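S.K.: Please read through the structure below; I'll follow up with questions.
The values are calculated or read from the model by the stated rules, or taken from the named source; none is laboratory data. Being a predicted model, the structure only gives us computed values, none of them experimental. Neighbour counts are summed over all protein chains in view; Cβ atoms, including those assigned to glycine, are modelled from backbone coordinates with ideal geometry. Each accessible area value is taken on the protein alone, full model and side chains, heavy atoms only, with ligands, DNA and RNA left out. Shrake-Rupley method; radii C 1.70, N 1.55, O 1.52, S 1.80 Å.
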Amino acid sequence: MVYRNEVKHIITPADKAALCARLRVVAKPDPHAGPSGQYTIRSLYFDTPTDKALREKLSGISHREKFRIRYYNGDLSHIRLEKKEKQGGLGRKLSAPLTAEEAQRIVNGDILWMATSGRPLLIELYSKMKSQCLRPKTIVDYTRTPFIYAPGNVRVTIDENIRTGLACTDFLNPDCLTIPAPDSPLILEVKWDAFLPTPIRRVIQLGNRQATAFSKYAACRVYG
C-alpha cells in the first residue's frame, strides 16, 4: 500500500457544522456511517515499557509506527489489527482481521499462536512483542463523522468525544468505563493520494485554522 497525504486541523463545533453542510454538497457520507452519519471507534494501542511510540510522536520523529486493535460501533464480528506508519506528512495503514477470541488472547498475553498464524501483520506484531516488549497500553474511544470523495481517493473525517480507558482488560466490553481525554478537541482530518481536488480544497478552507500534529493516542496517555 502506498503512502497517502494526511493533514489535521483542530476545529470548533461551529466549524464542524459549516464543514458538514459544505461536504454534503460535494462529497458522500461514508456508507459505513449509517443513518446518523457517524460511527464510534474503539482502539487499543500498543507501546513498549519505555513508551517508544509515545516518545517518538512527542519528539516529532519523522518515520514512526504504532500498532493498534480496532473495532467499530461495538461490533466484535469485525475486529482489525492495524499498523499505522508515518513518514513526514505521509501515512499508510496495514491491517489484518482478528476474531474476538484472538484479540482477547493478545490482550491476555497469549501470543505464541501468532507466530504461525499465516498473517504477516500478526507475525510482525508477535516479533515486536517478543523483541521490543510491545504490550497493550490504553484504550482510545471517539465518534467519527466521515465523508468520501472519489477523485483523488479523498477521505474527510471529523473526530470528537475522545475518551480513554485506564485499563486494557475490558477492551472487548463495549460498556467498559472510559473518561474524556483532557481538553478533547474536534479534529478535522483529510487524507488523499496524489492530489487534493479543488472542490474539497475549497470546502475545507477554515480561515486561520492551522495544521496540527494532534495525536489521540498521546492525548489519552495523559493519565499514564
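S.K.: Kindly check whether there is at least one residue in the stretch 54-69 that is closer than 18 Å to ILE162 by Cα and at pLDDT 95 or above.
M.R.: yes
S.K.: In the stretch 31-73, how many residues are without any contact (Cβ under 8 Å) to a residue 40 or more places away in the chain and at positive phi?
M.R.: 2
S.K.: Can you give me the number of residues within the stretch 194-224 that are outside any strand (DSSP E or B), over 17 Å from the mean Cα position of the chain (by Cα) and loosely packed, with under 14 Cβ neighbours inside 10 Å? Break it down into steps so the answer makes sense when it comes.
M.R.: Taking the stretch 194-224 and keeping what is outside any strand (DSSP E or B), we get 194-210, 213-224.
Narrowing the set further to residues that are over 17 Å from the mean Cα position of the chain (by Cα) leaves 194-210, 222-224.
Still in the running and loosely packed, with under 14 Cβ neighbours inside 10 Å: 194-195, 198, 202, 205, 207-208, 210, 222-224.
The total comes to 11.
S.K.: Restricting the search to the stretch 133-189, which residues are charged (D, E, K, R), farther than 28 Å from VAL107 by Cα and out of contact with any Pro (no Cβ under 8 Å at 6 or more places or on another chain)? Full working, then the answer.
M.R.: Step one: list which residues in the stretch 133-189 are charged (D, E, K, R), which gives 135, 137, 141, 144, 155, 159-160, 163, 170, 175, 183, 189.
Narrowing the set further to residues that are farther than 28 Å from VAL107 by Cα leaves 155, 183, 189.
Of everything in the stretch 133-189, those that are charged (D, E, K, R), farther than 28 Å from VAL107 by Cα and out of contact with any Pro (no Cβ under 8 Å at 6 or more places or on another chain) turn out to be ASP183, GLU189.
S.K.: Just one of the numbered conditions (1) surrounded by 14 or more Cβ atoms within 10 Å (Cβ to Cβ); (2) modelled with pLDDT of 90 or more is not true of GLY165; which one?
M.R.: Just one mismatch for GLY165, condition (2).
S.K.: Now for a separate question. What are the residues in the stretch 128-154 that are open to solvent by less than 60 Å² (accessible area, probe 1.4 Å) and assigned to a helix (DSSP H, G or I), if any?
M.R.: Of everything in the stretch 128-154, those that are open to solvent by less than 60 Å² (accessible area, probe 1.4 Å) and assigned to a helix (DSSP H, G or I) turn out to be LYS128, MET129.
Here's the yes/no breakdown for (1) more than 16 Å from the chain's Cα centre (by Cα); (2) within 29 Å of PRO185 (Cα to Cα):
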position: GLU85; (1), (2): no, yes
position: LEU112; (1), (2): yes, no
position: LEU121; (1), (2): yes, no
position: LEU134; (1), (2): yes, yes
position: ILE148; (1), (2): yes, yes
position: THR157; (1), (2): no, yes
